[in-house]
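Quick notes on the structure that follows.
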Amino acid sequence: MKLLICRTIIIYLCVLFAMRLMGKRQLGELQPEELVSTILISNLASISIESEEVPITSSLIPLFLIAALELLGSVLSFRSQKFFNFLSGRPKTVILDGQIDQKALRMLRLTTADLMEALRGKNIFDPREVSYAVIETNGTLSAALRPEKEPARLADLQLKVTHTNATIPFVLDGQVLEDNLRIPSGASYPLFVRDIERRISPRLFRDVRIRDNREYPRLLRKAMDFVSTEGIAVVLTPGRYNSAFFEHAYLAEKTGAALAFPEDLEVVDNKVYFLDYAGKRHRVGVVYRRLSDEFLDPFAFNPDSVIGVPGILSAYRAGNVAIVNAPGNGAADDKAVYYFVPQMIKYYLGEEPILNNAPTYMPMFEADRKEVLNRMGELVIKDVAEAGGYGVVFGSSLDAAAREELANRIKEEPRRFIAQEVIQFRDIDVVDPKTGEMSPRKCDLRAFVVTGKNTHVWYSGLTRYSSVPGQMIVNSSQGGGFKDTWVLAPESGVEHEYGAETQVANLLSQSRHHSLSLVTASKADNLYWLGRYTERAFTTLNQFFPFYDRVMDTDVDAFRPFAHALDLPEDFEDFDGFVNSFLYDGSNPDSVRSAVTSAFNNAVILRPELSSRLLQYVELAMTNITDAAKYAADAEDIYKQRDITDDMLAFWGGIENSPVDPTLKAFIFIGKYLERIDLYTRFGLTMEDLEAPLKKLAAYSMTLDGMPLPSCFADGLSWLVGQLPSRGYQEVADLLKKYLDDYSGRVSALAIKDMGSLSSMNMDAKRP
């Protein structure tokens, strides 16, 4: 009896240890391979307990062998989706939109009666009420009701509820696909979309307690100030045609840094200077650069670069300016270096990585090269010299000839490539823009880390998803989209730690407001033309509507004097042709659409100076004119143009009542009122009508008294003074001459570099 008790205790403890090795899932709902292991272990244990003649080792050896096989299977399942599918199978959809898939049931060897029994176990008695139902790999049924059949929730009834600390995790473990340390982009998009979400669903944000993500610009600026040498902070952009220009301007706005184009910076005596509109130099202490190393300095890298700053690297080496991210930083995110990151963590930190890299092979090592060449059809191959989703090839997508060609390239240049196991990205539901229906898309998560005096992981991130279902490439350059990423906050506690100098009652943005001293010559020109083009769209539309009404009544040719006043062609066959050309034709430089587009093109460059809040009105006007142009044949859309005039009024009102520097306002409004005087005299308005814009011009000119001015002021005013006598406004011309003399005497000698169409005035003598 004692022997039996001892054998039983030993077997029990060994079985318990074996089950612990295989994981807790053994104790829950079982996968097929887990059920097999459990049955075998049970039988082995019972044999040694019941029969004293059987040596205990006869049970223990196979018992632990089975446990080891199960553990090996778990590891292989984790590394290979194909192996997991082999062991456990795939979930199978058996109901879709209320329709039972009989073929799927036959494959699962289930009857309709079996399915109905499982549905009843979930309190579902009619399959037509089911949106979709899935048989999981462990045999359980998961089902979702149609939205209209879902029971009402407290939130639907708008009842106040008390929330718990329970969360829905998005990332439980995951794998690191790559590191981006050169010029990582994408932080602005969660910031921008979060602002939109707050407006759409304020109650949701109050109830769910999502961590505020607006600290990113503050963290970035703190990091910039920490490394700054002496002087101002700038965001260096390659230009407005760069695909990430929105982010460059947006981060400049939110951090309070000056947005600088390469031509705005100059290196003198190994120091970097920012050139304002009057040619005055401002010392730069830190540059947040948004262009690649090879284009940063033509003296040090690519000599053909036209978007770099000559000599900036010498200033950096001399310690006279800090560059974020530092030149050469990209060595750390080289896809080949990525292979060694886990080893670096172990060697330098003495720690194990918290998140593992995706299983990666380096063809420069013989063993890895053999593995890659033997499994070309199973792996994803990446060119280490490419980025943005380019140079990524899924071996399964290649035919035999292409696979052989790639294999030869790997043999010739093994250092140029890495290979990775195909990671099964998580599916998230997005609204398909073509169908308006929910559709699954593969996604990944880009996290952001800011390092200055301290290192901060941003409580947000960029969740990117593929453009088409099933596609594994999620990069925006490949057509991918993005979603905001929520990190839930604790139920209590202060979200932000404001400095002691900040009063609790003052939660306004702490970013510095831009002054004219940090506006470049090009931006001064942009400000002036933004005023002119917004006014041009506003006034021409206001003058157009009375002519339109006359045409609608009896006078079918009433539009011709209107066209004549604007120096537009008068040989239109009919009014419809004129309307299409004047309002909607983007190829016509004299159209309202062209004026709005030019205003928008000037506005987007001025985001840091004016703010996104103000410029959104110009963007709304752009959206309105674009939408109206799609339905130009519908006469009712004529009156939708009134939305554009409202947008311009909102923009000007926002400028007037905003904390924008008064000198910046003056640059815009001088352009606006010069344009208004030009248009009013074209349409033959009275001196009484002209009195107000003349007074406004005088007031804003006084704001700039004694300051240097861009040449566009004198050029525009000079042309207008020359035109007014022929229009019958000699008195106005005489009045404006004194401003012309003043403007001409203060013109900055700094030339505007290639402004192109942004500063063209197409309804005057400059028209080609």
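How far is it, in nm, from the label point at M438 to the one at N302 when both lie 7 Å from their Cα along the line to the Cβ?
About 4.5 nm separates the two model spin labels.
How charged is the neighbourhood of N408? Take every other residue with its Cβ under 13 Å from the Cβ of N408, and add Lys/Arg as +1 and Asp/Glu as -1. Present the calculation step by step, with values, prior to reporting the outcome.
On the way: positive: R369, R403, R409, K411, R416; negative: E404, E405, E412, E413.
Residues near N408 contribute +1 overall.
Using r as the Cβ-Cβ distance of T93 and Q343, and R0 as 35 Å, what FRET efficiency do you calculate, to the nearest 0.05? Before the final figure, lay out each step's value.
Numbers: r = 43 Å, r/R0 = 1.22.
Efficiency, from the Cβ-Cβ distance: 0.25.
If you add up the charges near V321, with Lys and Arg at +1 and Asp and Glu at -1, over every other residue whose beta carbon is less than 11 angstrom from its beta carbon, what do you get?
Charge balance near V321 sits at +3.
Just to be sure I understand the model, the point goes 7 Å from the Cα along the line to the Cβ. What's the resulting E351 to V747 distance in nm?
The two pseudo-label positions are separated by 6.3 nm.
Relative contact order for segment 335-421 using alpha-carbon pairs under 8 Å, separation at least 6, rounded to a whole percent?
Values: 110 pairs, mean separation 31.8, N = 87.
Answer for segment 335-421 is 37 percent.
Pulled fully out, how much extra length does the chain show between V431 and N657, if you take 0.36 nm times their separation in residues and subtract their Cα-Cα distance?
In short, 77.5 nm is gained.
Taking only C-alpha pairs under 8 Å that are 6+ residues apart, what is the relative contact order of segment 426-484 in percent? Intermediate results must be reported in sequence, preceding the final value.
Numbers: 113 pairs, mean separation 16.2, N = 59.
Relative contact order of segment 426-484: 27 percent.
Using the beta-carbon distance between L488 and Q616 and R0 = 30 Å, what value does 1/(1 + (r/R0)^6) give for FRET efficiency, to the nearest 0.05? Intermediate results must be reported in sequence, preceding the final value.
Details: r = 29 Å, r/R0 = 0.97.
Result of the calculation: an efficiency of 0.55.
What distance in nm lies between label points placed 7 Å from Cα along the C-beta direction at V468 and T455?
4.0
Setting aside same-chain residues fewer than 8 positions from K92, which lysines have a Cα under 26 Å from its Cα?
Qualifying lysines at Cα under 26 Å: K24, K82, K103, K122, K149, K442.
In whole percent, what relative contact order does segment 657-734 give with Cα contacts below 8 Å and a gap of six or more residues? Write out the running numbers ahead of the final one.
Details: 40 pairs, mean separation 27.0, N = 78.
Once divided by the residue count of segment 657-734, the mean separation gives 35 percent.
Give me the net charge for the shell around F651: Cβ to Cβ below 11 angstrom, other residues only, Lys and Arg +1, Asp and Glu -1. Could you put the intermediate results ahead of the total?
Values: positive: R613, K672; negative: E535, E619, D646, D647, E656.
Around F651, the charge tally is -3.
In segment 519-754, with Lys and Arg counted as +1 and Asp and Glu as -1 at Cβ, which of these residues, M622, L697, S748, has the Cα nearest the positive end of the dipole, that is, farthest along it?
My answer, from the dipole projection, is S748.
Laboratory data are not the source of any read-out in this text; all were calculated from the coordinates shown. Since we're looking at a predicted model, the values are computed, not measured. Cβ atoms come from the backbone with ideal geometry, glycine included; neighbour counts cover every protein chain shown.
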